[in-house]
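Note sheet for the following structure.
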Amino acid sequence: MPETDLIKLYSERILKLASEIPLTGRLDAPDGTSNKRSPVCGSNVTVDLCVEGGRVNAFAQDVRACALGQAAASVVGASILGCTRDQVQRGRDQLAAMLMQQGPAPEAPFDGLETLIAARDFENRHDSILLTLEATLDAMTKAEHAAVA
């Protein structure tokens, strides 16, 4: 990969997001927890969350990922409180389409993921970028099942 491509990929905005991930750590008593790992690069994200009235009302994440995965986690962490499952699913689907199908950037509340549009050409990073939203969806599913049980 040429150096100019690396500079473009790891822009100042991406590195700033990666260094300022909100809602890090773990929750003491989550309704749902999920750990997702990218087999391609080894990035790993654990999400804990609580859901009330169908909306995320508490969220924490433990992110061990490349700068791109960290930047995505930063945007998700800043936007996730108050989100419904449908919003998270739409954000995940729109992010995947942006990266893999040249689709537009995700809509609000995850519109900040547009910063990662430069990663389209780096397929080996797509899994890492998607991890936090995928872990969030899985944790929401687990929380929903626990509420029914």
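Remarks
- Selection from segment 47-87 of residues that are open to solvent by 30 Å² or more (accessible area, probe 1.4 Å), in a helix (DSSP H, G or I) and of a type in the set (A, V, I, L, M): Ala78
- Selection status of Thr115, of a type in the set (Val, Ile, Thr), part of a helix (DSSP H, G or I), open to solvent by less than 50 Å² (accessible area, probe 1.4 Å) and modelled with pLDDT under 95: yes
- Condition met for Met98 (assigned to a helix (DSSP H, G or I), touching a helix residue (DSSP H, G or I) at 6+ places or on another chain (Cβ under 7 Å) and farther than 15 Å from Val45 by Cβ): yes
- Residue match in segment 81-100 (condition: closer than 16 Å to Ala18 by Cβ and over 15 Å from the mean Cα position of the chain (by Cα)): no
- Which numbered condition Arg13 misses (of (1) among the charged types (D, E, K, R); (2) in contact (Cβ under 8 Å) with a residue 60 or more places away in the chain; (3) in a strand (DSSP E or B)): (3)
- Enumeration of residues in segment 131-147 that are open to solvent by less than 10 Å² (accessible area, probe 1.4 Å) and more than 11 Å from Cys50 (Cα to Cα): Leu131, Thr132, Leu133, Ala135
- Tally of residues being open to solvent by less than 10 Å² (accessible area, probe 1.4 Å), modelled with pLDDT of 95 or more and under 21 Å from Leu95 (Cα atoms) across segment 30-42: 1
- Residue that is most open to solvent (accessible area, probe 1.4 Å) [pool: residues in segment 94-109 that are closer than 18 Å to Phe59 by Cβ and out of contact with any Leu (no Cβ under 7 Å at 6 or more places or on another chain)]: Ala108
- With respect to the conditions (1) in contact with a Ser or Thr (Cβ under 9 Å, 6 or more places away or on another chain); (2) open to solvent by less than 30 Å² (accessible area, probe 1.4 Å); (3) hydrophobic (A, V, I, L, M, F, W, C), Leu27 lacks only one, and its number is (2).
- Of the listed requirements (1) within 16 Å of Leu131 (Cα to Cα); (2) in a helix (DSSP H, G or I), Cys41 misses just one: (2).
The values are calculated or read from the model by the stated rules, or taken from the named source; none is laboratory data. As the structure is a prediction and not an experimental result, all values here were calculated from the model. Positions of Cβ are generated from backbone atoms using ideal geometry, with glycine treated the same way; all protein chains shown enter the neighbour counts. Please note that ligands, DNA and RNA were not included when accessible areas were found on the heavy atoms of the full protein model with its side chains. Shrake-Rupley method; radii C 1.70, N 1.55, O 1.52, S 1.80 Å.
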